[in-house]
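**Student:** Okay, handing you the structure first.
The values are calculated or read from the model by the stated rules, or taken from the named source; none is laboratory data. The shown structure was predicted, so the numbers you read here are calculated from the model rather than taken from an experiment. Methodologically, a virtual Cβ is constructed for each residue, glycine included, from the backbone with ideal geometry; neighbour enumeration extends over all protein chains shown.
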Amino acid sequence: MTIRKLRIILLVFVCAILVALAIWKLVSTTRQTNQFDGQHAYRDVQAQVAFGPRIPDSQGHAKTISYIQVELKKAGWQSKIQATDWKGFAVQNIIAYRTDQTPQVILGAHYDTRLLADQDPGPGRLDPVPGANDGASGVAVLLELARTLPPESIPTWLVFFDAEDNGELAGRQWIMGSNAFVAQLTFKPRAAIILDMVGDKDLNIYIEQNSNSTLVSEIWGTAASLGYKDQFIPSIKYSMLDDHTPFLVAGIPAVDIIDFDYPYWHTTADTPDKVSPNSLQIVGDTLLRWLIAQK
C-alpha cells in the first residue's frame, strides 16, 4: 500500500470520526432538550439565598436581578427591567422574552423576600426571611424552564415580579409588582400562571379557590398524567391574594400554583434545606409538558 493511499484512508477515517462526533453532539443536545433538571433549579435556589435577603433596594435584591438576567441571557432569552412604581413604592419587574411576538402565556414568580420574619416563633421575628421556598423556588423553576422550553413553543413571557412579599410592613401593600405590571399591559394573554412556594419537600399543591377552572383542569390533569397526582391534589383548600389576582381582576385567566402548607412561611427557617430538587422537578415537568401542549 502506498503512502498516498494510507493518507487517503487516514483522512477518510478522521472525517468519519468528526461526522460521528457531530451527530452524537446533535443527538445528545436533542435528547436534553425539553428535559427539566430539578437539581439545576435547586442550585438557582441556593444562589439566590446566598445573595442574602432580597428586600427591595438591598444588595441582595440587586444581585438577584443581575443573576436572573445573566441566566436568562445564557439560555437565549432577552430581558428588560420594568422600572415603575405602585402606591409610591419603586418596583423593578423583570420581563423575559425570546421573540417580538405578543405572548399568549405569562409565567410569573416573585423574587423579592420579606423584610421581617413576623411568623417566626422566636426572636427571629425581627430578622429578614431567607426566602428559599417563598421567592427563590418559583424563580428557580422559571429559570430552568427558560433553559429547556423549545423555541418553537407557544409565545411566552417569563415575568419575575418585585415587591410581592412585604404587605402590611412599612406602609407597603401585597403584590405591588404584579399590580403595576398588569396596570401597564396593552394586550390580554391567553393565560397567566403564577408559581409561589413550589419547593417544599412535602409538596402538596391544592387548587387555589380563585384560579381559573379551565387552567386548573389542564395543569392538574397534566400533572396526573405524569404520575404527580399525589403532589397536585385536585381539591380546593385555600383562597389566596397572590400575583395571579391582578390578572383575574383584569379578566385574564390565571392560576396560582402554590403549596401554602409550608410550616416555615415567613420565618427565618425558610432556608434551602427545606427545599427539594424533586419538588422543583415535579412542578417543572408539569409546566413544561403543559406549555408544549399549547402550541
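**Student:** Take Tyr42 and tell me if it is more than 23 Å from Arg289 (Cα to Cα), modelled with pLDDT of 95 or more, assigned to a helix (DSSP H, G or I) and of a type in the set (Phe, Trp, Tyr).
**Tutor:** no
**Student:** If I ask for residues that are of a type in the set (Asp, Glu) and either under 21 Å from Pro246 (Cβ atoms) or in contact with a Gly (Cβ under 8 Å, 6 or more places away or on another chain) (or both), which ones from region 189-215 would you list? So that I can check it myself, show each step before the final result.
**Tutor:** Initially, region 189-215 is screened for residues of a type in the set (Asp, Glu), giving 196, 200, 202, 208.
Hits for region 189-215 are Asp196, Glu208.
**Student:** Got a number for residues in region 66-84 being over 17 Å from the mean Cα position of the chain (by Cα) and under 22 Å from Ile252 (Cβ atoms)? Spell out the reasoning first.
**Tutor:** Quick first cut of region 66-84, residues over 17 Å from the mean Cα position of the chain (by Cα) only: 82-84.
In the following step, the residues that additionally are under 22 Å from Ile252 (Cβ atoms) were identified as 82, 84.
Count: 2.
**Student:** Being within 27 Å of Gly284 (Cβ to Cβ), assigned by TED's automatic domain parsing to the domain that holds Thr271 and of a type outside the set (Phe, Trp, Tyr) is true for just one of Ala75, Ala83. Which residue is that? Before the answer, list the steps.
**Tutor:** Working: Ala83 fails: within 27 Å of Gly284 (Cβ to Cβ).
Answer to the selection: Ala75.
**Student:** Could you list, ordered by first residue, the pairs with Cβ atoms under 9 Å in which the first is in region 124-135 and free of Cβ contacts under 8 Å to residues at least 60 places away in the same chain and the second is among the polar types (S, T, N, Q), at least 6 apart or interchain?
**Tutor:** Hits for this filter: Arg125/Gln119; Arg125/Thr267; Arg125/Thr268.
**Student:** Moving to a separate point now. If you take the residues in region 45-70 that are assigned to a helix (DSSP H, G or I) and β-branched (Val, Ile, Thr), which one is surrounded by the fewest Cβ atoms within 10 Å (Cβ to Cβ)? Spell out how you get there, then give the answer.
**Tutor:** Going residue by residue through region 45-70, those that are assigned to a helix (DSSP H, G or I) are 45-50, 59-70.
Among the residues that remain, those that are also β-branched (Val, Ile, Thr) are: 45, 49, 64-65, 68, 70.
Numbers: Val45: 27, Val49: 23, Thr64: 28, Ile65: 19, Ile68: 22, Val70: 11.
Within region 45-70, the match that is surrounded by the fewest Cβ atoms within 10 Å (Cβ to Cβ) is Val70.
**Student:** So Lys73 fits all but one of (1) free of Cβ contacts under 8 Å to residues at least 40 places away in the same chain; (2) in contact with a Pro (Cβ under 6 Å, 6 or more places away or on another chain); (3) of a type outside the set (A, V, I, L, M); what number is the exception?
**Tutor:** With respect to (1) free of Cβ contacts under 8 Å to residues at least 40 places away in the same chain; (2) in contact with a Pro (Cβ under 6 Å, 6 or more places away or on another chain); (3) of a type outside the set (A, V, I, L, M), Lys73 is out only on (2).
**Student:** A further question follows. In region 258-295, how many are in a helix (DSSP H, G or I), aromatic (Phe, Trp, Tyr) and in contact with a strand residue (DSSP E or B) (Cβ under 7 Å, 6 or more places away or on another chain)?
**Tutor:** Summing the residues that are in a helix (DSSP H, G or I), aromatic (Phe, Trp, Tyr) and in contact with a strand residue (DSSP E or B) (Cβ under 7 Å, 6 or more places away or on another chain) in region 258-295 gives 0.
**Student:** OK, next. Can you say whether Arg98 is in contact with a Gly (Cβ under 7 Å, 6 or more places away or on another chain), more than 21 Å from Leu280 (Cβ to Cβ) and not small (Gly, Ala, Ser), as far as the supplied structure shows? Let's see the steps before the verdict.
**Tutor:** Values: in contact with a Gly (Cβ under 7 Å, 6 or more places away or on another chain): yes; more than 21 Å from Leu280 (Cβ to Cβ): yes; not small (Gly, Ala, Ser): yes.
Spelling it out, Arg98 is indeed in contact with a Gly (Cβ under 7 Å, 6 or more places away or on another chain), more than 21 Å from Leu280 (Cβ to Cβ) and not small (Gly, Ala, Ser).
**Student:** Would you point out the residue of region 256-287, among those that are aliphatic (A, V, I, L, M) and under 14 Å from the mean Cα position of the chain (by Cα), that is nearest to Lys201 (Cα to Cα)?
**Tutor:** The extreme case among them is Leu280.
**Student:** Which numbered condition in (1) free of Cβ contacts under 8 Å to residues at least 40 places away in the same chain; (2) surrounded by 14 or more Cβ atoms within 10 Å (Cβ to Cβ); (3) of a type in the set (A, V, I, L, M) is the only one that Leu116 fails?
**Tutor:** Single failed check for Leu116: (1).
**Student:** Contact list please: Cβ distance under 7 Å, first residue in region 168-194 and polar (S, T, N, Q), second residue in a helix (DSSP H, G or I), pairs at least six apart or on different chains.
**Tutor:** Pairs found: Ser178/Pro246; Asn179/Pro246.
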